[in-house]
Structure formats: C-alpha cells, structure tokens
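To start, the structure under review is shown below, and the notes come after it.
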Amino acid sequence: AQKITQTQPGMFVQEKEAVTLDCTYDTSDQSYGLFWYKQPSSGEMIFLIYQGSYDEQNATEGRYSLNFQKARKSANLVISASQLGDSAMYFCAMRGARNSGYALNFGKGTSLLVTP
Amino acid sequence: DAGITQSPRYKITETGRQVTLMCHQTWSHSYMFWYRQDLGHGLRLIYYSAAADITDKGEVPDGYVVSRSKTENFPLTLESATRSQTSVYFCASSEVQSYEQYFGPGTRLTVT
C-alpha cells in the first residue's frame, strides 16, 4: 500500500523568502508519480507540479520545484520568492496503481501562510 | 463550458435522505473519480470509474453508490445520508496516458 506523509501541519514564511514543504512517501512500486496540489481558501484543487519516479532531473514549474530524493523517499516542494497569494493548503499525492484506477493518494496537507 | 463541473456546489440535507451529487466532464476522459475531503484526512477516494459501466470501490465507499452510463457523467449517490457524510466532495477525471487529474470545483455537503 502507498502512504504519503506530510509532517508540517502549518508553516509561516515571509514574503519573497523561499519555503520548503516536506513530503515523504512509501511504496513498493518501482514506477510511480508524485504530485503537489494547491488548495486556496476558495477551495479548488490546483495542480502545481509532477515528478515521475524515473525522471532524472527534479521537476520545476516557474517558482515551484520538487526536490526529489528517491533513496530517502522524499518529494519536497520548494516555493521560491513567496507571494501573499501562495497562502493556501498544499497537498502531496502519489498516483496509485492500475488496480486503483490510478487514483491519487493524498497526504493530510500543510497550511502555508505568507506574511508581508 | 469546457472542463469538469459539479452540481450542486452547496447542499444541505437531512439524515436519512437520498442525495445525488453530479459530475460532468467535457474531455471524454476515460477515468473519473470521487474523493471526499475532511479536516485531518486530506482527500480520500470513494469510488472510481475506468470507463462507462466500469466502476470500483476506493478507500471509503460505504454508504455511497455510483453509476456511469455515459463517459461524461459520474454521479455519486448517498442512499441514506448520515452526519458522518458531511464533507466536501471532489470529482476528478484523467486519461490513463496523462498523469494529471483535473478536479471539479467541489460540492460542500452538510447533513443535519
């Protein structure tokens, strides 16, 4: 079975600073995918970034990067130059196997507050 | 409108009533999913569907029924609503060859 762990219930960061949100995972699959989603107070789920287990380079999307350390089973999200609009819940997720319809398994989330 | 929509966006119902949450996607994606989101639990899978007329249980299926007679629709029915089913429900869709899941805006359901 897959498991996603986010150990930081809440985080604070000052505007323009970088912040790292932690995510560790457990799986017996050789091939897997890791995701980060953002959920602002309005409630929608916004896809941020994806990392495949065989990708040799860490994924980047604008100010978001994924620090993927396969041996440590970690997939931390790094947000550079934080903005007030980054205040939200952030969820780490792993894509399940075919027998689960490739559904996502989510961590419990980290609440990020960006302060001026 | 293109994309994935859910209706209603908000619903208040009484214990014991049947309620159906609707999900519609315009991309003809093969896979569709229902998740529920509760404080302290993140999102948990209720049911998924790999294609029309093919559905299967997820992590928390008890008390829910799904159907998928058409590719674009995936309704979720609470046959006899309970207070523990008060939650935010998200529908999502994806294609098998695409890693990304696209989420609907969510339905906030309150069972009194």
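The values are calculated or read from the model by the stated rules, or taken from the named source; none is laboratory data. Quick caveat, the model's predicted, so the values are computed rather than measured. Every residue, glycine among them, receives a Cβ derived from its backbone with ideal geometry; neighbour counts consider all protein chains shown. Accessible surface areas use protein heavy atoms only, side chains included; no ligands, DNA or RNA. Shrake-Rupley method; radii C 1.70, N 1.55, O 1.52, S 1.80 Å.
Annotation: A:Met94 carries an accessible surface of approximately 0 Å², with a 1.4 Å probe and no ligand, DNA or RNA atoms counted. Rolling a 1.4 Å probe over the protein chains gives A:Val114 an accessible area of about 10 Å². Accessible-area loss of 40 Å² or more (1.4 Å probe, protein heavy atoms, chain alone versus all protein chains) is found in the stretch A:90-116 for A:Arg95, A:Gly101, A:Tyr102, A:Ala103, A:Leu104, A:Phe106, A:Lys108. For a straight C-alpha distance cut-off of 23 angstrom, the lysines reachable from A:Lys16 (same-chain residues fewer than eight places away being disregarded) are A:Lys38. The heavy atoms of B:Glu14 offer some 100 square angstrom of accessible surface to a 1.4 angstrom probe. The lysines within cross-link reach of A:Lys73, meaning a Cα-to-Cα straight distance under 20 Å and a gap of 8 or more places when in the same chain, are A:Lys3, A:Lys108.
Roughly what % of DSSP beta bridges within the protein assembly as shown run antiparallel, to the nearest 5? Of those bridges, close to 90 percent are antiparallel. Compute accessible area for the stretch B:14-48 by itself and then with all protein chains, 1.4 Å probe, and report residues whose area falls by 30 Å² or more. Checking the loss per residue gives B:Tyr31, B:Tyr35, B:Gln37, B:Gly40, B:Gly42, B:Leu43, B:Tyr48.
The residues of chain B present an accessible area of 49 Å² per residue when probed at 1.4 Å with all protein chains retained. Counting only protein heavy atoms and a 1.4 Å probe, tell me what percentage of chain B's accessible area is made up of carbon and sulfur. Result for chain B: 47 percent of the exposed heavy-atom area is carbon or sulfur.
Of the GluC sites (Glu not before Pro) found in the stretch A:34-69, those in coil by DSSP whose Cβ has at most 11 other Cβ atoms within 10 Å are A:Glu56.
Within the stretch A:40-116, the chymotrypsin sites (Phe, Trp or Tyr not before Pro) that combine a DSSP coil assignment with at most 14 other C-beta atoms in a 10 angstrom radius are A:Tyr54.
Only one residue of A:Ile79, A:Thr24, A:Tyr37 has its Cα farthest out toward the positive end of the dipole of the stretch A:20-82, where Lys and Arg carry +1 and Asp and Glu -1 on Cβ, and that residue is A:Ile79.
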